[in-house]
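K.L.:
Pasting a structure here, questions to come.
The values are calculated or read from the model by the stated rules, or taken from the named source; none is laboratory data. Just so we're clear, the structure is a prediction, and the values are computed from it rather than from any experiment. Cβ atoms come from the backbone with ideal geometry, glycine included; neighbour counts cover every protein chain shown. Calculation scope for accessible area: heavy atoms of the full protein, side chains included, ligands and nucleic acids excluded. Shrake-Rupley method; radii C 1.70, N 1.55, O 1.52, S 1.80 Å.
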2 protein chains.
Amino acid sequence: MVSIKDVARHAETSFKTVSRVINGDQRVRPATRERVNEAIQALGYRPHSGARMMRSARSNIIGFLSDRVTTQPHSGDILRGAQQMADAHGRLLLLFNIDGEAGDDHRRRAFELLMEQRVDGLLYACDYHRDVELPPEMQQLPAVLVNGFSTTTALPALVPDERLAAQQATRLLLAEGHRHIAFLAPNPRSVATPLRTAGFHDALIEAGLEPSLMPVITACVGTPGGEEEYRVETALVQLMSEATPPTAILCGQDRIALQLYLALARRGLSPGRDLAVVSFDDQQPISGALTPSLTTMALPHLEMGRRAMTLLLDGDPPPETVTIPFSTTLGRSHRRA
Amino acid sequence: MVSIKDVARHAETSFKTVSRVINGDQRVRPATRERVNEAIQALGYRPHSGARMMRSARSNIIGFLSDRVTTQPHSGDILRGAQQMADAHGRLLLLFNIDGEAGDDHRRRAFELLMEQRVDGLLYACDYHRDVELPPEMQQLPAVLVNGFSTTTALPALVPDERLAAQQATRLLLAEGHRHIAFLAPNPRSVATPLRTAGFHDALIEAGLEPSLMPVITACVGTPGGEEEYRVETALVQLMSEATPPTAILCGQDRIALQLYLALARRGLSPGRDLAVVSFDDQQPISGALTPSLTTMALPHLEMGRRAMTLLLDGDPPPETVTIPFSTTLGRSHRRA
DNA sequence: ATCGGCTGTGACAACGTTGTCACGCTACTC
DNA sequence: GAGTAGCGTGACAACGTTGTCACAGCCGAT
């Protein structure tokens, strides 16, 4: 590899002057600077990050530790957002993904490897919104938690604002004039579920409606993030048999909405026209392929990734959990015909 | 940070001996080794990767350059697979994601940043199977292309075996006794489309059937990887109006299968029972939520990521494009009632 | 007893860079 | 015209590690 000394020789100056040019030191005569830059070009010189690191004790690298599988469908955007902002700040991202496997040991090893690389900070991302137990070592480093929170460790954290999103989603339906709305709740073992239910109720109360009159049915069971099973067909049967069936359904997640679309189609009914549907997540493979287009509250994964990195780099974030609003993806499924 | 000299002081030996212990040199007396290890533990010493790098000219880091958005739904598993094998080989992954934006400039910069980190090798991943134009600089480094190929640069590459997968999918239907099979083709601008069509025909010919008698209808138009529009409803109308309608449909991708499920439901028909359906991709959000469960050929993204990294690390891969077989996710949608 | 080799250890240089300090030159001030 | 400030430059040390070499102590062979 070509080093700073090779450049100096080529530009007929000392290697220290080359260092100055590289680092934008103003006290270099323009003519000299010119010669040095030419030499850099000619030789294809690239500064050696390892050597730099030794002097400066900074690596310009941020570790990205992802619990389980952040590279899965809906959470990959966290990584994408983090990378965008890292790049904007001239940092690189060192990725370490923990696939659930060995668990704590694997995670500890990951952490040590990142420490050896002298990463300047750490992002810890969860594959879905949840409570996460963190290794105490993590306190040694500036770190931000994304898409999760820790009840045992005080750390700045970003989570999606499930409650507000549910309120907004419900408002959409209320604005269309619906007064009988059902909620097909997602997995009861998910942290998001009570929050989304609460937001649903917030909006109802705000509109002067009685929450207890609105059916809430669990439409998904299983392990969050793992195998899940959907019970939308039976839920719909139940809803339709009520004295005054709902005219609108809030689906706790896009997969439930997908099932609802199918169940409606079997009855010759169409979302939007016959029954208003609003959902959560905006998982592209689903929301991009449904007709009529699905109105869904988009999980702010990209934004959380960006914000987390910004928080980490702009320094000194308070160890609090911040909620990030969803954005609204408007389709036709929530409209009255 | 605690350095090797601090450890030496604590263990009352020379820092060179500490270096020997760290690197597993046998010629250290067990008693000395013990003292050194204790000191390492006590001080929480971690070797400085930057300093190591300077001496050894190796970084143990592999660059992962992803064209556009590898962190999107179906291609994130490439990253996951690559990380698994990198970890197994004691390497770390430096991620750089190019979001399409500035394009070539951005990509060149990404490459230079990776070079500054002195990465030992490079993986270049595409978000969907396609022909990719590579910057000539990439030849400077051991590199492997994943989920794409280059007609301009000779480089080892891994792509999914679209043709074989289509043949296997069709065989599933033929094995169930179907003799009239239609193909709802994906985006004609995608590289996968002609290959999947060819595989479809391979299987038909193999079974002694006449390919030209089997309808092939384009069910998706738009920019591959971008905005796409589906035309499944009209395709189904067309198929059903034929003299002898197909008893089985091969869907070019899961999104098409999703639309087909909906179109069938509107007619009171059910996949599997009334019409056999087989698809491609195995996009979890869709395939995991459809009822009856979808039979779909799973894109080997995880496997490609793992193989690509293995190829890169085991060294000296020939500059050829290798195809990786899909795996078959069996559901109930291809079965005769 | 002397030699050669083997084992455990340490002194020192080197990797490529940046920080500190000092030097020589020009240009200004009195 | 001497003193002084500032500018451009270079010599040198230092960062934390590994490679090279040397040396001291011990063993067995001569």
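K.L.:
Take A:D87 and decide whether it is open to solvent by 30 Å² or more (accessible area, probe 1.4 Å), within 27 Å of A:V146 (Cα to Cα) and assigned by TED's automatic domain parsing to the domain that holds A:A308.
P.N.:
Taking the combined requirement at face value, the residue does not satisfy it.
K.L.:
Could you tell me whether B:I286 is within 27 Å of B:D87 (Cβ to Cβ) and among the β-branched types (V, I, T)? Break it down into steps so the answer makes sense when it comes.
P.N.:
Numbers: within 27 Å of B:D87 (Cβ to Cβ): no; among the β-branched types (V, I, T): yes.
Here the answer is no, as B:I286 does not meet what is asked.
K.L.:
Assess whether B:V221 counts as being part of a strand (DSSP E or B), open to solvent by 40 Å² or more (accessible area, probe 1.4 Å) and either touching a residue at least 12 places away in the same chain (Cβ under 8 Å) or basic (K, R) (or both). Steps first, answer last, please.
P.N.:
Details: part of a strand (DSSP E or B): yes; open to solvent by 40 Å² or more (accessible area, probe 1.4 Å): no; either touching a residue at least 12 places away in the same chain (Cβ under 8 Å) or basic (K, R) (or both): yes.
No; evaluated as a whole, the condition is false for this residue.
K.L.:
Could we say that A:N97 is at pLDDT 95 or above, within 20 Å of B:R80 (Cα to Cα) and among the polar types (S, T, N, Q) here?
P.N.:
Numbers: at pLDDT 95 or above: no; within 20 Å of B:R80 (Cα to Cα): yes; among the polar types (S, T, N, Q): yes.
Here the answer is no, as A:N97 does not meet what is asked.
K.L.:
Pick out, from the stretch A:1-110, the helices (runs of 4 or more DSSP H) lying fully within it that include 2 or more residues that are within 9 Å of DNA strand C (Cβ to nearest atom) and not charged (D, E, K, R). Spell out how you get there, then give the answer.
P.N.:
Details: elements: A:4-11, A:15-22, A:30-43, A:49-56, A:76-88.
Output list reads A:4-11, A:15-22, A:49-56.
K.L.:
Any residue at all in the stretch B:123-131 that is more than 28 Å from A:I78 (Cβ to Cβ) and either open to solvent by less than 20 Å² (accessible area, probe 1.4 Å) or more than 16 Å from DNA strand D (Cβ to nearest atom) (or both)?
P.N.:
The answer is yes; a qualifying residue exists.
K.L.:
Mind telling me which of the residues B:R9, B:R46, B:R58, B:R52 ends up being farther than 17 Å from A:S59 by Cα and basic (K, R)? Even if it seems obvious, please write down each step before you answer.
P.N.:
Numbers: B:R46 fails: farther than 17 Å from A:S59 by Cα; B:R58 fails: farther than 17 Å from A:S59 by Cα; B:R52 fails: farther than 17 Å from A:S59 by Cα.
Checking each option against the conditions leaves just B:R9.
K.L.:
Tell me which helices (runs of 4 or more DSSP H) are completely within the stretch B:244-337 and hold 1 or more residues being assigned by TED's automatic domain parsing to the domain that holds B:F149, or say none if there are none.
P.N.:
Working: elements: B:254-266, B:284-287, B:301-314.
Hits in the stretch B:244-337: B:301-314.
K.L.:
Quick one: is A:P211 open to solvent by less than 70 Å² (accessible area, probe 1.4 Å) and out of contact with any Asp or Glu (no Cβ under 8 Å at 6 or more places or on another chain)? First the steps, then the outcome.
P.N.:
On the way: open to solvent by less than 70 Å² (accessible area, probe 1.4 Å): yes; out of contact with any Asp or Glu (no Cβ under 8 Å at 6 or more places or on another chain): yes.
The answer is yes for A:P211.
K.L.:
Between B:V18, B:V2, which is closer than 26 Å to A:G50 by Cα, within 9 Å of DNA strand D (Cβ to nearest atom), away from chain A (no Cβ under 13 Å) and not aromatic (F, W, Y)? Outline the logic, then answer.
P.N.:
Values: B:V2 fails: away from chain A (no Cβ under 13 Å).
So the residue among B:V18, B:V2 that is closer than 26 Å to A:G50 by Cα, within 9 Å of DNA strand D (Cβ to nearest atom), away from chain A (no Cβ under 13 Å) and not aromatic (F, W, Y) is B:V18.
K.L.:
State all residues of the stretch A:31-56 that are within 8 Å of DNA strand D (Cβ to nearest atom), open to solvent by 40 Å² or more (accessible area, probe 1.4 Å) and either in the same structural domain as A:R118 (by TED's automatic domain parsing) or over 40 Å from the mean Cα position of the chain (by Cα) (or both); if no residue qualifies, say none.
P.N.:
Across the stretch A:31-56, the qualifying residues are A:A31, A:R33.
K.L.:
Of the conditions (1) within 15 Å of DNA strand D (Cβ to nearest atom); (2) within 27 Å of B:I98 (Cβ to Cβ); (3) more than 8 Å from chain B (Cβ to nearest Cβ), A:N60 satisfies every one except a single condition; which number is it?
P.N.:
Going through (1) within 15 Å of DNA strand D (Cβ to nearest atom); (2) within 27 Å of B:I98 (Cβ to Cβ); (3) more than 8 Å from chain B (Cβ to nearest Cβ) one by one, A:N60 breaks only (1).
K.L.:
Which is among the basic types (K, R) and within 21 Å of A:P160 (Cβ to Cβ), of A:R332, A:R306, A:R273, A:R267?
P.N.:
Details: A:R332 fails: within 21 Å of A:P160 (Cβ to Cβ); A:R273 fails: within 21 Å of A:P160 (Cβ to Cβ); A:R267 fails: within 21 Å of A:P160 (Cβ to Cβ).
After applying the criteria, what remains is A:R306.
K.L.:
Among what's in the stretch A:173-209 and is of a type in the set (V, I, T) and within 20 Å of the chain's Cα centre (by Cα), pick the residue that is farthest from A:C251 (Cα to Cα).
P.N.:
Of all residues in the stretch A:173-209, those of a type in the set (V, I, T) come to A:181, A:191, A:193, A:197, A:205.
Adding the requirement that they be within 20 Å of the chain's Cα centre (by Cα) leaves A:191, A:193.
On the way: A:V191: 16, A:T193: 11 Å.
The extreme case among them is A:V191.
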